[in-house]
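Worksheet for the structure shown next.
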Amino acid sequence: MAVTQRRGRKIMMSPDELDAFLGTERTCRVATVSGDGAPHVSALWFAWDGTSLWLFSITRSKRWADLRGDQRIAVVIDSGVEYGELRGVELSGTAVFVAESPRVGEPCPELEAPERLFTQKYFGMDTMPYDGKHAWIRLTPDAIASWDFRKLADLRARP
């Protein structure tokens, strides 16, 4: 029997808060399912374009191999140290491989915006550096759950 969080909706991020959070955070944890059904979680950099999460993954990784066999994926991005500071987002859905693998820079209009966002965020550049080892995975989430425990103080302050 599923239990509904009483304050879940009150502490979730608004769309603007979600975009700001995903635009500034740098590291996510990617959960995949291995061929034997075992879960696998790994850290990765990402870009958020307002609709999809873009993951630039090593093509020889366990994560890549898992997703080639089972495209189900869940990603968590979170921050905070103290309980009242915790914020985060979980996105889940189906992974889609975009462009060549590994990515060597063949023209791909779909990647223009994510590659620009990614290189500006992580490298302070406008042009994507290709190493012949990475390729793109797009997650357009079927479900998004978010939380911002800083809002709990506001809830306690209300009469």
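The values are calculated or read from the model by the stated rules, or taken from the named source; none is laboratory data. Quick caveat, the model's predicted, so the values are computed rather than measured. Counting neighbours? That spans all protein chains shown, and the Cβs are built from the backbone with ideal geometry, glycine included. In case anyone asks, the SASA skips ligands and DNA or RNA and just uses the protein heavy atoms, side chains included. Shrake-Rupley method; radii C 1.70, N 1.55, O 1.52, S 1.80 Å.
Is it the case that some residue within the stretch 116-128 is β-branched (Val, Ile, Thr), out of contact with any strand residue (DSSP E or B) (no Cβ under 6 Å at 6 or more places or on another chain), part of a loop (DSSP other than H, G, I, E, B) and over 19 Å from VAL30 (Cα atoms)? Walk me through it before giving the result.
Let us first name the residues in the stretch 116-128 that are β-branched (Val, Ile, Thr), namely 119, 127.
Still in the running and out of contact with any strand residue (DSSP E or B) (no Cβ under 6 Å at 6 or more places or on another chain): 119, 127.
Within this subset, residues satisfying the condition of being part of a loop (DSSP other than H, G, I, E, B) are 127.
Next, from what is left, pick out any that are over 19 Å from VAL30 (Cα atoms): 127.
Yes, the conditions are met somewhere in the stretch 116-128.
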Within the stretch 49-63, track down each residue that is touching a residue at least 60 places away in the same chain (Cβ under 8 Å) and more than 10 Å from the chain's Cα centre (by Cα).
ASP49, THR51, PHE56, SER57, ILE58, THR59, ARG60
Close pairs from the stretch 82-111: first over 21 Å from THR27 (Cα atoms), partner surrounded by fewer than 16 Cβ atoms within 10 Å (Cβ to Cβ) and among the aliphatic types (A, V, I, L, M), Cβ under 9 Å, at least 6 apart:
PRO102/ILE58
Every residue from the stretch 122-140 that is touching a helix residue (DSSP H, G or I) at 6+ places or on another chain (Cβ under 9 Å), farther than 20 Å from LEU67 by Cβ and open to solvent by 20 Å² or more (accessible area, probe 1.4 Å)
MET125, ASP126, THR127, PRO129
Tell me, please, whether a residue that is of a type in the set (A, V, I, L, M, F, W, C), at pLDDT 95 or above, within 21 Å of ASP19 (Cα to Cα) and part of a strand (DSSP E or B) can be found in the stretch 97-104.
no
Residue hits (the stretch 63-121; in contact with a Ser or Thr (Cβ under 8 Å, 6 or more places away or on another chain), open to solvent by 40 Å² or more (accessible area, probe 1.4 Å) and among the acidic types (Asp, Glu)) are GLU85, GLU90
